[in-house]
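First the structure, in the form of structure tokens, and then the observations on it.
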Amino acid sequence: MLSKQKTTSKWKDKLHEIIYEADTPVGKWFDIILFILIIVSVILVMLESVKDIDANYHKVLLTWEWIITIFFSIEYIARIISIKKPFKYIFSFYGIIDFISTIPLYLSYFFIGSQVLLAVRALRLLRVFRILKLVQFLGEASQLTRALKASRTKIAVFIYAVLILSVIMGTIMYLVEDDAAGFTSIPRSIYWAIVTLTTVGYGDIAPQTPLGQLIATIVMILGYGIIAVPTGIVTSEFTKQGKIEDKKVHLNTQSCLSCSSEGHRDDATHCFNCGSKL
């Protein structure tokens, strides 16, 4: 009995090493295959949305999607059984993403009748969430996340300033232009101001008077400057985070068998999150 438990524990540990850890050769190959299949799956969803392609190659696209879905289903089950506390993974960010991106293809076959075709289509499009799994393959993802968190206050103040500017410019344009130009209300004028500040306008609303066009020119020039502000804020914080990372002790991709936490020190013997032995 004891020998059987040891054998079970051994293959679970090996499975955990392959799925959760990228430091081993097998783990790296597993991540590469997973990475490729995620990209292929997202491309299949995109091709499926093109009517001509779907009409001619629907069976081929569906067959490949089933192959990929079965692979992800096996991967999802393997992730659950290879850790001591499966609920930690099931209710984690990646666990939820894995589930909602895999289940739609199965659910779509339970809906019968033309009245639910739109719902089926919406469910199938949830497969595009697999692209979020790519985040776990990006080494700088956590660094970028920390940079965004560190700069959130500055960005919030910046957005607040942009909203105030949009309200002012929208109100002015409502006074300058008439209904014929599309400025029928202040909210609609504010919509024009936001679109013009963030891009160059959609063309659905355009000023007709010389004064309105002058104001629009100023707003568009301001838009170029405004785009650079959040970029500069995040870039500055990203650089700071990079300097902090350089000073830190090197971390590896080893994942805890109990809680799946990653980012342990090379010399660590126990998980920093739950205390289990690594």
With ILE96, ILE38, ILE77, ILE83 as the choices, which residue is at pLDDT 80 or above and not in a helix (DSSP H, G or I)?
ILE83
Filter the range 47-57 for residues that are over 17 Å from PRO104 (Cβ atoms) and modelled with pLDDT under 85; which is surrounded by the fewest Cβ atoms within 10 Å (Cβ to Cβ)?
LYS51
Single unsatisfied condition, CYS259 versus (1) part of a loop (DSSP other than H, G, I, E, B); (2) modelled with pLDDT under 70:
(2)
Members of the range 171-191 found to be acidic (Asp, Glu) and buried (at least 20 other Cβ atoms within 10 Å of the Cβ), listed by number
GLU177
So MET173 fits all but one of (1) in a helix (DSSP H, G or I); (2) touching a helix residue (DSSP H, G or I) at 6+ places or on another chain (Cβ under 6 Å); (3) at pLDDT below 90; (4) of a type in the set (A, V, I, L, M); what number is the exception?
(3)
Scanning for something at pLDDT below 75, of a type in the set (Val, Ile, Thr) and exposed (fewer than 14 other Cβ atoms within 10 Å of the Cβ), does the range 237-248 turn up at least one residue?
yes
Return only the number of the condition from (1) modelled with pLDDT under 90; (2) out of contact with any helix residue (DSSP H, G or I) (no Cβ under 9 Å at 6 or more places or on another chain) that VAL60 does not satisfy.
(1)
Filter result for the condition that a residue is part of a helix (DSSP H, G or I), surrounded by 14 or more Cβ atoms within 10 Å (Cβ to Cβ) and more than 27 Å from the chain's Cα centre (by Cα), over ILE215, ILE168, ILE194
ILE215
Suppose we filter THR8, THR24 for residues that are at pLDDT below 85, of a type in the set (Val, Ile, Thr), surrounded by 12 or more Cβ atoms within 10 Å (Cβ to Cβ) and more than 21 Å from the chain's Cα centre (by Cα); which single one remains?
THR24
So GLU65, is it over 29 Å from GLY275 (Cβ atoms), at pLDDT 80 or above and surrounded by 12 or more Cβ atoms within 10 Å (Cβ to Cβ)
yes
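The values are calculated or read from the model by the stated rules, or taken from the named source; none is laboratory data. As the structure is a prediction and not an experimental result, all values here were calculated from the model. Quick reminder, even Gly has a Cβ in these numbers, built from the backbone with ideal geometry, and neighbours come from all protein chains shown.
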